[in-house]
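Chemist: The structure is given below, and queries will be raised subsequently.
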Amino acid sequence: MQRKLILITAGLVVLVALFFVVRPKNKEAAPPAATPGAPAVTAVTVRVADGAVQGPERVKTDAGSKVRITVTSDAADEIHVHGYDLMQDVRPGEPATITFVADAPGVFEVELEDAKLPLFELEVSA
């Protein structure tokens, strides 16, 4: 009886190990397909800690694209998208998001306003 229990347990261990070896690997989820006629979305995520910015230096997008900027900061401040004159307060540890359609071509600075800390440049192509 004890030998059967050992064999069953060993068989289960082998089956579980095989499951983890041969199962399909998790892949990052593909972004949802764009809805025809809907603008493309350019998503930008920036983190600020101790005055250091983690994120892209320049983001390129096409005119007419939807832009979603999410900023997390360890200090309270205001996100400012120059040229579009968009602002959003950010609080420590709470992500703040600005979403808009990039309809004006050019290069625009995005910064933490009070700290005068550049986050990145947004380049909008015509």
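Chemist: Where does each of Ser125, Ser73 land when they are ranked from fewest to most other beta-carbon atoms within 10 angstrom? Mind showing how you got there, number by number?
Modeler: Values: Ser125 11, Ser73 24.
Fewest-to-most Cβ neighbours within 10 Å comes out as Ser125, Ser73.
Chemist: Cβ under 13 Å from Glu123's Cβ, Glu123 left aside: what net charge do those residues give with Lys, Arg +1 and Asp, Glu -1? Working shown, then result.
Modeler: Details: positive: Arg58, Lys60; negative: Glu57, Asp62, Glu109, Glu121.
Once positives and negatives cancel, what remains is -2.
Chemist: Cut-off under 14 Å on the C-alpha distance; same-chain residues fewer than 8 positions from Lys60 excluded. Which aspartates and glutamates are left, in chain and number order?
Modeler: Asp103, Glu109, Glu121, Glu123
Chemist: Based on the alpha carbons, how large is the Rg to Rh ratio for region 41-125 when Rh follows Kirkwood? Present the calculation step by step, with values, prior to reporting the outcome.
Modeler: Values: Rg = 11.7 Å, Rh = 12.5 Å.
Over the Cα atoms of region 41-125, Rg/Rh equals 0.94.
Chemist: Each residue of region 87-97 in order: what ³J(HN,Hα) in whole Hz does its phi give by Karplus 6.51 cos²θ - 1.76 cosθ + 1.60, θ = phi - 60°, with x for Gly and Pro?
Modeler: Listing the rounded values in order: 9, 8, 5, 10, 10, x, x, 10, x, 10, 10 Hz.
Chemist: Follow-up. Local charge sum around Val90 (other residues, Cβ-Cβ under 9 Å, Lys/Arg +1, Asp/Glu -1)?
Modeler: Result for the local shell: -3.
Bear in mind these aren't lab numbers, they're just calculated from the coordinates by the rules spelled out. On a predicted model such as this, the values are computed, not experimentally measured, just so you know. Note that each Cβ is placed from the backbone with ideal geometry, even for glycine, and that neighbours are counted across all protein chains shown.
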